Amino acid sequence: MEYVLETRELSKQYGHFKALDGVTMHVPKGSIYGFVGKNGAGKTTLIRLLCGLQKPTGGEFTLYGKKNGEKGIAEARRRIGAVVETPSIYLDMTAEENLRQQYMILGLPSFDGIQELLELVGLPDTGKKKAKHFSLGMRQRLGIAVALAGSPDMLILDEPVNGLDPQGIIEIRELILKLNREKQITFLISSHILDELSRLATHYGFIDNGHMVKEISAEALELQCRSCTHMEVEDTGKLATVLDKRKLSYSVLSETQIDVYGKIHVTEFILWLAEEGCQVNSMQQQEESLESYYIRLVGGGKNE
Amino acid sequence: MSNLLRAGLCRVKKDKWLWLGIFVTAAYGIFGCISQYQAVVQYEKTRTLEDVVFLCIMIPGITLAASVSVLVGTEYSDGTIRNKIATGKKRSHIYLSTSVLCCIEALLIYLISGRLLLAMGLPLFGFFKEPLWKIGYEYLLMLLIFLVYASLYQMLAMLNQNKAYAAIICLIIGFLLLFAGSYLYQTVDSPQFYEYAEIVDGQAQMVRQENPYYVTGVRRTLYRFLLDVLPSGVTMQIVTGEIFNPVRAIAGAVCDIIIFNGIGMYFFQKKDIK
């Protein structure tokens, strides 16, 4: 798998406080990487390091093949756009003026494409309205438009739906999916709104207290989270035969315990097992959401 | 860096605080010019063009504090400095380009308010009485003082991420410098002895008394040095037309600009930006 961003044992310390403690992560090309963690877990700190706003106190990261500290890192950063915490826009300027500013900073030869960008983020008709009069959602979208100036290959968004109303959340989600699908832009999105992330992310990284707890693809996570029936039987071998015949996926936990994934019709299932002479001792329906998976991962109450 | 400058110049053009700064500086100078002219007309005092054209130098310590701190502080408060760093711009380039923009603001205030005062003073007071090389030197020194203030306030604003705090700190320092410069100049310029008339046995006699506030020795040397290195100290010398050490005043201003920019850039390179 090709990674556009990799960190190795990345650390950041403020005085005696370790905000990041040896974080290792891998962001695959073309993915939407959901960076999950509660407030203060270290998400924004990591993003600040990646954007060059702060320097790591330990470890390293590689962005588009360039290590931090190498000469080429500035070139690599030109391939990214970022919205860190609040949208970085001049409040006393219009949407178009903000984009013109970013175009000039990037040294783009002309202002062609500004209107298309505004249309892309849903701000084509803001005219002479200054950004300070925009709603939070409009500012967020303008922030993304500014980050998109220069056609970056990767966008880093820090809490992009924080404080947005439901309509704003949907608009930002649609925009991210559109950019990912149509322009193949890789996204690194930090959030603590798990439900929202689960609608977008293709990969996840769970961070807690400055540590990367787990990295997992959405597919693998789905496998782990999807509804399952936990069964205790006399012989898992016989049960496996039945499941294989019916092409149902399962995980054998022990000689007598097995997790069967997907929805099953209980009466029909018991009859199949009876035919094979397999005795069922207990059945338990289980379902795990991203939320409960995260809580299980980071230890729930101990982190409160 | 040219890209940063190009983008920054667009901001400078629209900077309301800059135009307010120009207005206040020019208004202060014009008010001073009218006052001096009234003194000539009403009290028959002697005033020359030199006495009025440098009046606008009293104010940039305050007006530049506001305009520079807002120009730089907006980058932090609106978060736009992050766009520059995140897209791979070098911090040294960001600092230097901001430095050029602050100097352009200072230059605009200097040129517009200076020209206005000259245009107003010429018909009222006639042409300069002092040699032109001296006037030219004083104009050059005045320009350098404007740039010193711009460098000082830029350093303070770049190292403070809170726009409001930065503006308050710059303004307080501006006022403190003004008071310090005035105090130092008055102390150094005061005579060693006072002479006054006293009636003894019905006859007036001139009595010479030592000035208790006259400073001597190391303290005097230090005060003279501070007058040449503090922008407000040089300001006082330009306004009164009495420059104690012309070479040291120029060197002091140039050193101030280099030191403020050097310190600012050094710490900005190391600064954690939120």
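The values are calculated or read from the model by the stated rules, or taken from the named source; none is laboratory data. Keep in mind the model is a prediction, meaning the values are calculated, not measured. Cβ placement follows ideal geometry from the backbone for every residue including glycine, while neighbour counts extend to all protein chains displayed.
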message: Being surrounded by 15 or more Cβ atoms within 10 Å (Cβ to Cβ) and under 19 Å from B:Glu50 (Cβ atoms) is the filter here; which residues of segment B:234-274 pass it?
response: B:Val234, B:Thr235, B:Met236, B:Gln237, B:Ile238, B:Val239, B:Ile243, B:Phe244, B:Ala249, B:Ile250
task: Kindly indicate whether B:Val218 is hydrophobic (A, V, I, L, M, F, W, C) and surrounded by fewer than 16 Cβ atoms within 10 Å (Cβ to Cβ).
output: yes
- line: Going through (1) within 12 Å of chain B (Cβ to nearest Cβ); (2) surrounded by fewer than 23 Cβ atoms within 10 Å (Cβ to Cβ); (3) not basic (Lys, Arg) one by one, A:Gly122 fails only at (1)
- prompt: Are any of the residues in segment A:128-144 within 27 Å of A:Met25 (Cβ to Cβ), touching a residue at least 40 places away in the same chain (Cβ under 8 Å) and not hydrophobic (A, V, I, L, M, F, W, C)?
  reply: yes
query: What number of residues within segment A:162-191 are modelled with pLDDT of 90 or more and within 28 Å of A:Tyr14 (Cα to Cα)?
result: 4
Among (1) touching a residue at least 60 places away in the same chain (Cβ under 8 Å); (2) surrounded by fewer than 17 Cβ atoms within 10 Å (Cβ to Cβ); (3) touching a Pro at 6+ places or on another chain (Cβ under 9 Å) - the single one A:His203 does not satisfy: (2)
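Hey, does segment A:136-146 have a residue that's part of a helix (DSSP H, G or I), within 25 Å of A:Thr7 (Cα to Cα), more than 11 Å from the chain's Cα centre (by Cα) and assigned by TED's automatic domain parsing to the domain that holds A:Ile47? Spell out how you get there, then give the answer.
Looking only at segment A:136-146, we keep the residues that are part of a helix (DSSP H, G or I), and these are A:136-146.
Then drop every residue that is not within 25 Å of A:Thr7 (Cα to Cα), which leaves A:144.
Keeping just the survivors that are more than 11 Å from the chain's Cα centre (by Cα) gives A:144.
Applying the additional criterion that residues be assigned by TED's automatic domain parsing to the domain that holds A:Ile47 yields A:144.
Yes, because at least one residue in segment A:136-146 is part of a helix (DSSP H, G or I), within 25 Å of A:Thr7 (Cα to Cα), more than 11 Å from the chain's Cα centre (by Cα) and assigned by TED's automatic domain parsing to the domain that holds A:Ile47.
Pick out the one residue from B:Leu140, B:Leu184, B:Leu176 that is assigned to a helix (DSSP H, G or I) and free of Cβ contacts under 8 Å to residues at least 24 places away in the same chain.
B:Leu176
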- request: Determine whether segment A:71-83 contains at least one residue that is in the same structural domain as A:Leu142 (by TED's automatic domain parsing) and within 17 Å of A:His192 (Cβ to Cβ).
  value: yes
query: From the list A:Phe35, A:Phe111, which residue is of a type in the set (Phe, Trp, Tyr) and without any contact (Cβ under 8 Å) to a residue 24 or more places away in the chain?
result: A:Phe111
task: Tell me the helices (runs of 4 or more DSSP H) entirely within segment B:1-102 that contain at least 2 residues that are in contact with a helix residue (DSSP H, G or I) (Cβ under 8 Å, 6 or more places away or on another chain) and within 14 Å of chain A (Cβ to nearest Cβ).
output: B:2-13, B:16-43, B:60-77, B:80-86
field: Test result for A:Leu194, outside the structural domain of A:Val280 (by TED's automatic domain parsing), modelled with pLDDT under 85 and surrounded by 15 or more Cβ atoms within 10 Å (Cβ to Cβ)
entry: yes
